[in-house]
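The values are calculated or read from the model by the stated rules, or taken from the named source; none is laboratory data. Model, not experiment: these values are computed from the prediction. All Cβ positions, even for glycine, are placed from backbone atoms using ideal geometry, and neighbour counts span all protein chains on display. When the accessible area is computed, the model is the full protein with side chains, heavy atoms only, and any ligands, DNA or RNA have been set aside. Shrake-Rupley method; radii C 1.70, N 1.55, O 1.52, S 1.80 Å.
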Amino acid sequence: MVSSDFTIGHKVMLDRHWQGHERSAFAKKCYLTPDSLKRIELGTRKVRPHELYEIAKQLGRTMEHFLEKPVLVERK
């Protein structure tokens, strides 16, 4: 199963924050506007394959990392 736009965007935002990238500078590295990146991260804009490729490359990830179904952990 492929992740939703929201899940993909959320993973992008988490990885970007975790690695310490500021949105505006990171967007430029990925050939996006800061507003486009914000909307991708919020899940209100679909990410195009070439955009996801560039985002993944800049974060040292694969596209598959963002497309996989999230793993749910059972709470005890």
Which numbered condition Arg45 fails, given (1) of a type outside the set (Gly, Ala, Ser); (2) surrounded by 12 or more Cβ atoms within 10 Å (Cβ to Cβ); (3) not in a loop (DSSP other than H, G, I, E, B): (3)
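Return the residue satisfying two criteria in turn: it lies in the range 11-21 and is out of contact with any helix residue (DSSP H, G or I) (no Cβ under 7 Å at 6 or more places or on another chain) and either on the phi > 0 side of the Ramachandran plot or assigned to a helix (DSSP H, G or I) (or both), and of such residues it is least open to solvent (accessible area, probe 1.4 Å). I'd like the intermediate steps shown before the answer.
In the first step, residues of the range 11-21 are kept if they are out of contact with any helix residue (DSSP H, G or I) (no Cβ under 7 Å at 6 or more places or on another chain); the result is 14, 17-18, 20-21.
Next, only the ones that are either on the phi > 0 side of the Ramachandran plot or assigned to a helix (DSSP H, G or I) (or both) stay: 14, 17-18, 20.
On the way: Leu14: 91, His17: 114, Trp18: 201, Gly20: 64 Å².
That would be Gly20.
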In the range 33-56, the residues that are touching a helix residue (DSSP H, G or I) at 6+ places or on another chain (Cβ under 9 Å), over 16 Å from Trp18 (Cβ atoms) and among the charged types (D, E, K, R): Asp35, Lys38, Arg39, Arg45, Lys46, Glu51, Glu54
Pairs, first buried (at least 16 other Cβ atoms within 10 Å of the Cβ) in the range 22-35, second of a type in the set (Val, Ile, Thr) and part of a loop (DSSP other than H, G, I, E, B), C-beta under 8 Å, six or more apart: Ala27/Thr33
Test: residue in the range 22-41 that is of a type outside the set (A, V, I, L, M) and under 20 Å from Lys69 (Cα atoms): yes
So Ile55, is it touching a Cys at 6+ places or on another chain (Cβ under 7 Å) and either at pLDDT 95 or above or open to solvent by 50 Å² or more (accessible area, probe 1.4 Å) (or both): yes
